[in-house]
Amino acid sequence: MCTHCGCGHDHHHTHDMSVSDERAIAIEEDILGRNNAIAADNRAIFRQKKILALNLVSSPGSGKTELLTATIMAAKDKMTMVVIEGDQQTSNDADRIRVTGASAYQINTGKGCHLDANMVKSALEHMSIEDGSILFIENVGNLVCPAEFDLGEAHKVAILSVTEGEDKPLKYPDMFRAADVMIINKIDLLPYLHFDIDRCEAYARQVNPNIRILRTSATTKEGLDAWVKWLTVESALCNLV
Ligand SMILES: Nc1nc2c(ncn2[C@@H]2O[C@H](COP(=O)(O)OP(=O)(O)O)[C@@H](O)[C@H]2O)c(=O)[nH]1
Ligand SMILES: [Mg+2]
């Protein structure tokens, strides 16, 4: 169950008046505890196979898939990248990824508003991932629920596009606190918007002083070099441990 919106995992709802608050808290702890145990199993697989797993989180439409296709096209000669796509319905995003030549596995969550560790575990059973690869996990578009669910990733990467408003890190602090990296995407649109990018960065650092911030345009490829460089370094670190 997602305890924020009662999305259907186990079909318990915190809004259900027949479930006492105490019981709801116990259910929440149980669900997160089980999720964390499976996430630890996933993390052990990633460590053993030296896979850099990244959990991409954002609102719908911030450009996660576009950024992934641009990243794969820019770096596929240098590293092996594979993708798990999470959406409520359709295989559109996995199809978009496969056009680049990279392999992609689509998870449909139905009414679910986030991926959980067990969904990723099941996906891994269907995928054959080369040692030393980068695994991008594109989460369901939602700035709330995915913050709480560890999938076994090395880092959560939050993507915020400039059309969403610079105050989102303050409005959804849990997400920006859980993320190690924030990518501000669609910077090609800045001339047309009232979006104060420096203020956005300051807000993100206010909730998470250690957050690394990158600016990109998946469309014009501006800023992609710094992102690919970060991926290269992080992937190399995975290979050292
Ligand atoms: N102008 C501009 N549009 C972008 C950029 N990145 C993505 N888009 C567009 O934003 C829309 C949503 O992108 P998509 O990758 O599907 O977002 P997702 O829902 O986060 O995966 C699409 O129409 C993209 O072409 C960008 O950097 N600049
Ligand atoms: Mg997408």
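When the pairs LYS186/LYS221; LYS64/LYS121; LYS78/LYS186; LYS49/LYS121 are compared against a 18 Å limit on Cα-Cα distance, LYS64/LYS121; LYS78/LYS186 fall above it.
Couplings 3J(HN,Hα) for region 133-140, derived from phi with the Karplus relation 6.51 cos²θ - 1.76 cosθ + 1.60 (θ = phi - 60°), are 7, 9, 10, 8, 10, 7, 6, 4 Hz, where x marks Gly and Pro.
In the chain, once you exclude exposed trypsin sites (Lys or Arg not before Pro) (DSSP loop, at most 13 other Cβ within 10 angstrom), what's the longest stretch remaining? Result for the longest clean stretch: 112-241. Under the membrane-span-like helix rule (DSSP H runs whose alpha carbons stretch at least 18 Å along the helix axis, mean Kyte-Doolittle hydropathy 0.0 or higher), the chain yields 224-240.
Each of TYR172, HIS126, MET79 was placed along the dipole of region 22-178 (beta-carbon charges, centred on the mean Cα), and the one lying farthest toward the positive end is MET79.
If R0 is taken as 35 Å, the Cβ-Cβ distance between GLU130 and VAL207 corresponds to a FRET efficiency of 0.45. A 32 angstrom limit on the alpha carbon distance is what I want to check against. Which of LYS168/LYS229; LYS111/LYS229; LYS50/LYS171 exceed it? Too far apart for the 32 Å limit: LYS111/LYS229; LYS50/LYS171. Taking 7 Å steps out from each Cα toward its Cβ at THR220 and ALA44 produces label points 4.8 nm apart.
The GluC sites (Glu not before Pro) of region 192-241 that meet both conditions, a loop assignment by DSSP and at most 16 other Cβ atoms within 10 Å of the site Cβ, are GLU222. Taking each residue as 0.36 nm, the span from ILE25 to LEU240 lengthens on full extension beyond its C-alpha to C-alpha distance by 73.4 nm.
Across all Cα pairs in the chain, the calculated P(r) in 10 Å bins from zero up to the longest distance comes to 8, 32, 37, 19, 5, 0 percent per bin.
With a simple spin-label model that places each label point 7 Å from the Cα along the Cα-to-Cβ direction, the separation between ASP167 and ILE197 comes to 2.2 nm. Centroid-to-centroid, using Cα positions, region 22-86 and region 223-241 are 16 Å apart.
This ranking places SER103, SER161 by how few other beta-carbon atoms lie within 10 Å of each, fewest first, which gives SER103, SER161. In a DSSP loop and with at most 15 other Cβ atoms within 10 Å, the GluC sites (Glu not before Pro) in region 106-181 are GLU130.
Any read-out appearing in this document is the output of simple, stated calculations on the displayed coordinates, not a laboratory observation. Bear in mind that the values here come from a model prediction, so they are computed numbers and not experimental data. Positions of Cβ are generated from backbone atoms using ideal geometry, with glycine treated the same way; all protein chains shown enter the neighbour counts.
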